[in-house]
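What follows is calculated from the coordinates using simple rules that are stated; it is not laboratory data. This one's a predicted model, so the numbers in the text were calculated from it and none came from an experiment. So basically every Cβ, Gly included, is an ideal-geometry build from the backbone, and we count neighbours across all protein chains shown.
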């Protein structure tokens, strides 16, 4: 009976504690606070936060999520925004947020130091988002599996249609992954819409699974669960650095790319600090942190040293990716539903 | 007028005149005067917030019964005061928002933006609660619920909580099912989305195309419901009715999967059965069986969900099996029924409420599960992942997510309805106030064998899965590099000794502490509210009981993703502005996990004779005392079940919290998901191992604290003792 | 097995601290949705009396008892205990204890803990509560078994624990809900005597629900007969037996032959009733001239083997059963088939024998008003 009494007491205590400790929303940092949603890997996010706090003394509250989740959250919170800055993650949701007016224009004094593609995206988004890194689309294959299955060397998009790769290619579902949507847009831009869809239909026969997450095929290739996988090349590189038997391929026909972006949230409570971070994140020093955190994207500041492991953008035949067109909601919806109807539902 | 009523009237005034009515801005630094008097509704009201002043009217009304305690019409005054107070607070709360009037009509009428106000704070919360309780006390004084103020207040509070934390957010998101992208009412859009072929297509029957996602979900749910119930029953029978030597071990092991963070079982299954998994390699190298990808799809998700949800069935069924009156079985045996016949005709039917509950939980869990289909689903799509990607995926279609949620909800409620239809109105009371002197029957041979043959291989399989997980935490990279290392643990849980004491520099510490804190707070709350609800549902009669029950199930039926988004939509703006706090996480867990407490509470309570409560009441114990002294001790299995379940779910849930975590309250699971996404399986597994150990310790602590239920039943060994022999007249 | 042998020699009266209270129902109605379980019932139980609520199952007697306890709330009307209005009071606030049909012993507590439960929830210290409990256990003869779990006791013992638990708070009113239904016949007789003895020696007000009319007749000061949610008749056992208010009561209490007769005069307290060719003087009970129904108890009929004399009803014995203390007959007669019981050491009349029928003077035969 004693115990029971204690339990009841504990329950009540816990209840009142909850009320007390949680009802007071947020932190009480009046000065120098910044709320950041971070769309890249945890380690990179942490390193950025640590460096920024050290450099400026601003206290950063960081939450790491995938870009899609961040977009959904910022949209849901738009009536009363919680976040100040959205840093990292693929450019499409940033572009979409810009289109829907969830983010604000800002012209950083550092704009002049940036690569052309970053500036171009900034202009296309009406100054609402800026490129901070970029990564090219490509594919990788497991060299050990390729040897056992007698798959010849793969170099081009067309090679992925080889009959030896039947049920051996993995790529994400463009409905759930920005990476896969980049592939869809890239193929359409390289081959034209009709030929492009012919290609995707042919590829469908070799695809064993459309994964949910864009980077998942890289892991599957590393684990030997599939022979080839289509991802951003830097995702494959991370696996290679981790000693996976993977060969990373920049397709010979040329390829599209993503621009990892940064936007300031509309209605940010700490607008000045958000701008401070924005300017800082565009410096070469800040952009060096990526490689230190094992992320091998290409930085947008011209003077940032490109990590040696990173796929050299100069070695890759990059297409002139039309972010404005293929990033717009309308075109995206059209292409996705076309892909759903014409490719995904095909019998194998 | 009871002292409790008086107390609540005083608290109503305290909330209005002393405590801060509004929540503090996150950047503000409140002073003491902000906390006391300075921020109160009274001061705000006199300083321009005129809309707060009408609340004084019901507060003054409540004083009349307090000052003239013996009037006959006091109950009327209490009811009027409570009702008016609640109504006023709700009206002013919802019409005046952060940016002025919330209704365009009012903007047009007043020709301006109107006044604005922040979210409610301690004062508003306390005053609202006081009004609610005053209302309930008034109703009790009128003889509602046998004049029991505790019961009416409990009903009132639970209903209010369910309305605020279940109906309100769910209504918010479901409203978007009928809206187009601009938020206008568009029933046609709903119809098109609803009738979509990708949801209802039946192509898999006629060709090798895929079937609609709704059918996939339903099929998987049925398989998992049946599977978990069967396995859970096998474990429960072995644990309670056999002399199996390792049943303690079996019990622990059967509970292991429930405490495993999401993704981990999926990862382990890939590492065993995947194309380059351990088992596949062995089969290929020794027997030449070609490697395949069979694990991706229905089989993989099915196995993973069986592993994950069997423990729930087990926890539900063990209470029920223990509660079956042995006398009934003995009665059957004396009627010349063989032990097998007894089992089939008496024992099994008596377990019907338990079986139905176990099935319902397995089915609903499978429907709402998100982690396993994500990792192992392959091309087998289910509603929960569809909904998630409808929200966060490339299409960003919230309306579609809402439509899919409605379908998911319909399935769950359908299962609930079927369960009721099947159980019917039969009475399953087996713990009566009469002492039961029967001895539980040993299991019939074939049932025992069947139980062993299902449970033991399954237990071994669980061991294999956990070995993989354990090994994975201590090697560099599972499947590629088996160099033993502690590196993962060091990254996550490094502790440094500095001049100022210990510094937790590991990357996982923040989320770890936050998770433990939130879980430890939500578990007792969940159990308390869940069991209170079960008590109200089984022991009290009041109108609207059915819809009340439905409300408690609703949050469970809605997939976590949708709950997460709906909480953000509903609680990010005044009057209830709690996103970004730990409180919203706690409430989310409480109301998502409460149904388990309710179900297991109902299952156990329906076996306990109602006259036990009544006896206690006539002996002068009030409902609250009766709860504590009579009902709760007999409910111990259900308490353990709901405490364990809610603690564990708070530590392992992912889909709902992924939207609710903040920098301050980052949860372990979101951290792990991040690791998995980054391909750092080792770190993810290492962190999961730590969580598993924490949860094991917590479960042991819960079981120690709550203790076993004493029913005074004899076992075989004591029945032969002289004491018992003497007892027979 | 111990008996409650100490009862009669009980000298002190533990109930002396509190006065037994009356229970009064004023026009009480209980509805469940559209079903009326108790319909406008009024009665009074005097302090220190044992009143039985008697009736067939479903007549509303248990609901009435539960309304006294506060386990059901009246939909209409007033309930008073000891003169105080308790209509809206919860069970815990009424000074009433109840012994349940199933005994409702808490399975997770020992016998002592069960009995001491009432005092402990009232805030009495554990030590005192145990003392009070032990006193009551001694009173009912269960001392020495207090450490047992309820399941380790026999049915009769469990029943007595339930009584002790109800008694321990020395309530104003004690309620019994079919307390004997789970006991065997012999035990039943003994326990009901014990209950009666206990009630009288402690001067308790007791309301007692049963469907067994013999049990009711044996223990009650007063009986309230209920039928179809209403009170059919209230009275002492003798009144009910000898002056049933209606056909239902006449039939339900004991056995009765319902026969037709005719009142031939129209004034005076005594009516002249013609039955067949017999004239009988009976209390009028409001009957005017004309046909009436009469309830005739089986033992009020006298059979005579001597040939049918003038002014008697003739009949034939159809069946005869010898039952030791009495002999039962089925008799065919012009006024209908009669069920007759004859006491005393007489030779059994063989079936087929023609007999004459007469009625014992005054007792056991009554006009049923309004029938």
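Only Cα pairs under 8 Å and at least 6 apart count here; give the relative contact order of region A:39-141 as a rounded whole percent.
On the way: 79 pairs, mean separation 22.3, N = 103.
Here the relative contact order equals 22 percent.
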Using alpha carbons only: equivalent-ellipsoid semi-axes of region B:49-108, gyration tensor based, whole Å:
32, 10, 7
Region A:257-347: proportion of alpha-carbon pairs further apart than 20 angstrom, %
59
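What are the equivalent ellipsoid semi-axes of region B:212-326, built from the alpha-carbon gyration tensor (square roots of five times its eigenvalues), in whole angstrom, biggest first? Working shown, then result.
Details: eigenvalues 185, 73, 28 Å².
That gives 30, 19, 12 Å for the three semi-axes.
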So for the pair residue B:194, residue B:36, with labels modelled 7 Å out along Cα→Cβ, what separation do we get in nm?
5.7
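Could you check what % of the DSSP bridge pairs in the protein assembly as shown are antiparallel, to the nearest 5? Working shown, then result.
Values: 94 of 129 bridges.
Antiparallel bridges: around 75 percent, rounded to the nearest 5.
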Give me the compactness ratio for region C:194-296, meaning the Cα radius of gyration over 2.2 N^0.38 Å.
1.31
Per-q log10 I(q)/I(0), chain A, q = 0.06, 0.13, 0.14, 0.16 Å⁻¹ (Debye; single scatterer per alpha-carbon; no solvent):
-0.25, -0.97, -1.09, -1.35
Roughly how tilted is helix C:155-167, in degrees to the nearest 10 and between 0 and 90, from the longest Cα axis of chain C?
70
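Ranked by Cβ crowding within 10 angstrom, fewest neighbours first, how are B:504, B:83 ordered? Write down the numbers at each step before the final one.
Working: B:504 14, B:83 17.
The order, fewest Cβ neighbours first, is B:504, B:83.
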If you take each beta carbon of peptide A:74-87 and count the beta carbons of other chains within 10 angstrom, what is the mean?
4
A correct fewest-to-most ranking of C:88, B:420 by other Cβ atoms within 10 Å would be B:420, C:88
Per-pair calculated FRET efficiency, R0 = 30 Å: residue A:252 and residue A:116 via Cβ, rounded to 0.05
0.80
Over chain B, what is the mean sequence separation of C-alpha contacts under 8 Å (at least six apart), divided by residue count, expressed as relative contact order in percent?
15
So how far, in whole Å, is the C-alpha centre of region B:631-706 from the one of region B:118-189?
29
Using a simple spin-label model with points 7 Å from Cα along the Cα→Cβ vector, what separation in nm is obtained for residue A:148 and residue B:545?
6.3
Could you list C:322, A:199, A:181 in order of exposure, starting from the residue whose Cβ has the fewest other Cβ atoms within 10 Å?
C:322, A:199, A:181
Distance in nm between pseudo-label sites at residue B:185 and residue A:306 (7 Å out along the Cβ direction from Cα)
5.8
With 5 Å bins from 0: P(r) over region B:3-142, alpha-carbon pairs, percent:
2, 11, 19, 21, 16, 13, 9, 6, 3, 1, 0
Mean Cα-pair separation over length for chain C, i.e. relative contact order, pairs under 8 Å, 6 or more apart, %
16
Expressed as a whole number, the average count of other chain Cβ atoms within 10 Å around the Cβ atoms of B:602-614 is 3
Would you mind checking the tilt of helix A:193-206 against the longest principal axis of the Cα atoms of chain A, expressed as 0 to 90 degrees and rounded to 10?
90
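Where does region C:256-368 land on the Kirkwood hydrodynamic radius, alpha-carbon pairs, in angstrom?
Details: mean 1/r = 0.0691 Å⁻¹.
It works out to 14.5 Å.
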Rg (one decimal) and Dmax (whole number) from the Cα set of chain B, in Å, equal 27.8, 91
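Over the protein assembly as shown, what per residue volume does the convex hull of the Cα atoms give, in whole Å³?
Details: hull volume 339.1 nm³, N = 1448.
Given the Cα convex hull of the protein assembly as shown, per-residue volume reads 234 Å³.
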Per-residue mean of other chain beta-carbon atoms within 10 angstrom of the beta-carbon, peptide B:312-318?
0
Could you work out, for chain C, what percent of all Cα-Cα pairs fall into each 10 Å distance bin, beginning at 0 Å and stopping at the bin that holds the largest distance?
5, 21, 25, 21, 15, 9, 3, 0
On Cα atoms only, tilt of A:67-76 relative to the major axis of chain A in degrees
40
Output ordering of B:58-68, B:239-249, B:294-304 (per-residue mean of other Cβ within 10 Å, highest first) is B:294-304, B:58-68, B:239-249
Could you work out how far the C-alpha centroid of region A:151-179 sits from that of region A:61-103, in angstrom?
31
